[in-house]
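A short reminder: the numbers here are calculations on the coordinates, not readings from a lab. Just so we're clear, the structure is a prediction, and the values are computed from it rather than from any experiment. We place every Cβ from the backbone using ideal geometry, glycine too, and count neighbours over all the protein chains shown.
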Amino acid sequence: MLNIIHPGDRDHPTTSNPYDFQWIRPMPKKPIAGKVNSGVNFYCGVEPTSSNTHWIHGTPNIYWYKNGAPLHLAPNMKQSGWSLRMRRLNHSDQGTYTCDIRSGPMRKQWNFILTVGDQTVDQSPYGIRWSHPMPVTVRKESVNSMVEFSCSIQPALGNKHWHHQRTTISWFKNNVPVLFDRRIEVRGWNLVIKSLKYSDEGNYTCIIESHGQQKLWKFFLHVTYAPSSKPIFEDRPFNQTVTVGSRAVLPCHPVPSMPHVQSRWLRHHFINGSWGAGPVVPGDPHVTIVRNWNNTHAPLVLNEVSEADEGWYNCVLRNSIGEVEDAAYLTVKPARKPHHSKDFEIPENTVLIIGAIVGVSIIIILCIIICSLLWYRRRKRKLEVMKYDLYHRTDPRDGILQPLVKSRRISSRSSTSSYPSVASSGSRPFIPVDDAFEFPRNRLAIQEVLGQGAFGVVRLATASGICNSRGTTLVAVKSIREDATYEEQCEFVKELEVMKSIKRIGSHINIVNFLGCCTQNGPLCVIVEYCKKGNLRDYLVTFRSYPDNFLRWWDDAEAYMSSVDPEDPESGTATRDMLSQTVLLSFSRQIAQGMEFLAANKCIHRDLAARNVLVNENNVLKIADFGLARNGEYYRKTSAGQLPVKWMPPEALFDQKYTEKSDVWSFGVVLWEIFTLGGMPYSTIPHEDLYSKLMEGYRMERPPLAPESLYDTMKRCWNHFPDERPDFSLLVLILERQLVRMANGGYLEMLADPDEL
């Protein structure tokens, strides 16, 4: 069928007629050639011009004529709105068709010349043809919507050997065969793609073969952004006061991260004691459209304003979700008359007033200078003590970093122990020394290195009589490298103070246990409990190489949990080295419980990741922060230091805002790490592109091992708005419920093959 769309009669100059209207699209100027038994569609839509103030939708009337006489609709004709549709054309349908549009005193006409020729017949005994007119080859669809491409055929008029079962259809994307799954499938002649992703964009080709005949059609799919909310103002209009003849600028701009937003400006008039009320109705004398819908979002500029320009101006933003608006009042005052020198008289007491003001100002400035000098002298005495804010809270609400003991200078005498020494050329920070946590260095026997990074190292050691024990205890000792900078030493001291403060509050089974420290007669050392299986990420990665260590969902995962007795290190050895969905979910709950404890005590972790979670021999997870042994693979150097950008939420990446909800975002990434067995988040996205991808709504896909309900929990943790993310108390409850459902057989899916991860 030929689809003849009008619009846009642009040949006529723009007028200021309040009843004027125009074609929506350019009108065809050449005769339209139709074929017998085919169809044609004449379209004559109009819209008001910018000067039309009396337009009411539906008011324009449309009349159709054929060869100058009123058109009587034949059985193969149908008039609908602006359109005249004709089916199964024959030679008698030839002629000149005229559409006549009338609205008030205005009238527009357009002539369509239709010719009807004979249908071309494919006389091939195996000929095929499309069974319907093929659609446009470019499709624009939004994310998460569905698209369907149709490529059905039928035998040509001369085909006498048609057999449906001898016809095949093939689909290609970017010249590669389409891979079908539950989201992408073929239904008869159609290709259906559900829940569109950005990766679905590309060129699609259907190839149909029948008895040696072949037909091909190409489509291009463009996946667009789907807004999740109404537009949000970045720059709002605000009330202004200007003088006659000056220039007024009223801003109105949406946030740049929300595309496909249109804006328009309205002017309100005070008529009969009212500004008008209710929605904007075309023809309402209280409202004038100053600038119609557009995508430029340029500010409204009024040059050489007059008193008649005073009033309310309203900016409206809209997208596919809805509209938002804001208004500003423009006040116009008369221009000030210039003063002539002969009219200007200096009051007699002006000199006295100016002199008094200058004298008082000088006295105030001298007082400020004296107070500043006194404050500076007192401040200078405490400068070393206050460096890096060691004796002040990092947050007024966060009391756990407040030191509870008096400070003493750290002894810098050399040590003959096996510790690396701090470079003598650099200065040493002050540190609060607490006898309750100070451990004798001579009762610590250092062994092999467990891990090291850019400026710190962790070693295995044995401690004699630590925590009132009678024998020796395996511990992990954190110490600073000898080439560490002063700032890095201060960060180490700050971490020590945090661990002391947490220890004073209480202990938690899922927080690594702080045992003591060595701050005298050698380098700074922090002593924590030793977790035999190392960090969670490396522990999970080992299972990729041993698929036999996986349990199916129906295996008795409860046996794993019940076999672990914290008092008996040898208990559960048969099941402790096995993994199942239940075990992975139990790992997730343990981390959530530890973070719930930290959040309840106003402690923000800021670096929650699987590499900072330790696993002991009983598979109990311990949240830690080996900040001085960090791996450069995960951290990006910035002006603020080294940052784990792939675990950070958008508000922390660019605004440096850290809250409990920042840790919730990181916890969602940890869940993804757990259920990919230590996979690298956003492995295909460069650091510099990550922020823009997150702002566009991109989130990582569901890991093969994760149930749908757990993936929903991940996505809730990755909500763009921090207040919409769940807190850790709710996450603990959610994960406990999922564990109960899984133990009762609520999930019927198996673990994926580890080789596919």
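Between residue 67 and residue 138, the modelled label-to-label distance comes to 4.1 nm, taking each label 7 Å out from Cα in the direction of the beta carbon. A simple packing score, the average count of other Cβ atoms within 10 Å per residue, orders the peptides 358-367, 645-654 as 645-654, 358-367, with the highest score first.
Remark: the stretch 495-511, residue by residue, has Karplus-estimated 3J(HN,Hα) of 4, 4, 5, 4, 5, 4, 5, 5, 4, 5, 5, x, 10, 9, 4, 9, 10 Hz, where x stands for each Gly or Pro and the curve is 6.51 cos²θ - 1.76 cosθ + 1.60 at θ = phi - 60°. Among 478-487, 213-222, 168-177, the peptide with the highest mean count of other Cβ atoms within 10 Å heads the list, and the full ranking is 478-487, 213-222, 168-177. In this structure the amide hydrogen of residue 484, modeled in the peptide plane, comes within under 5 Å of the amide hydrogens of 423, none closer than 5 places in sequence on its chain. For the stretch 233-333, what is the relative contact order in percent, using Cα pairs closer than 8 Å and at least 6 residues apart in sequence? Averaging sequence separation for qualifying contacts and normalising by length gives 39 percent for the stretch 233-333.
For the stretch 81-120, the residues whose amide N sits under 15 Å from a probe point set 7 Å from the Cα of residue 41 along the beta carbon direction are 81-88.
Taking only the Cα atoms of the stretch 645-703, the ratio Rg/Rh comes out at 0.95, with Rh defined as the Kirkwood radius. Label-to-label distance for residue 601 and residue 194 is 4.8 nm, based on points extended 7 Å past Cα in the beta-carbon direction. If a spin label sat at a point 7 angstrom from the Cα of residue 472 along the line to its beta carbon, the backbone N atoms of the stretch 501-534 nearer than 18 Å would be those of 527-532. When each of the peptides 201-210, 229-238, 508-517 is scored by how many other beta carbons lie within 10 Å of its residues on average, the order from highest to lowest is 508-517, 201-210, 229-238. Diffusion coefficient of the stretch 224-281 by Stokes-Einstein, Kirkwood radius over Cα pairs, 37 °C, 0.692 mPa s: 222 µm²/s. Exceedance of the 26 Å cut-off in Cα-Cα distance is limited, within the set 173/646; 602/657; 140/661; 602/622, to 173/646; 140/661. Residue-wise HN-Hα couplings along the stretch 224-240, as the Karplus relation 6.51 cos²θ - 1.76 cosθ + 1.60 with θ = phi - 60° gives them from phi, are 9, 6, 10, x, 9, 7, 5, x, 10, 6, 9, 10, 9, x, 9, 4, 9 Hz; Gly and Pro carry x.
For residue 35, the amide hydrogen comes within under 5 Å of the amide hydrogens of 117, counting only partners 5 or more places away or on other chains and with H modelled in the peptide plane.
Backbone amide hydrogens, once placed in the peptide plane, bring residue 657 within less than 5 Å of 652, excluding anything fewer than 5 places away on its chain.
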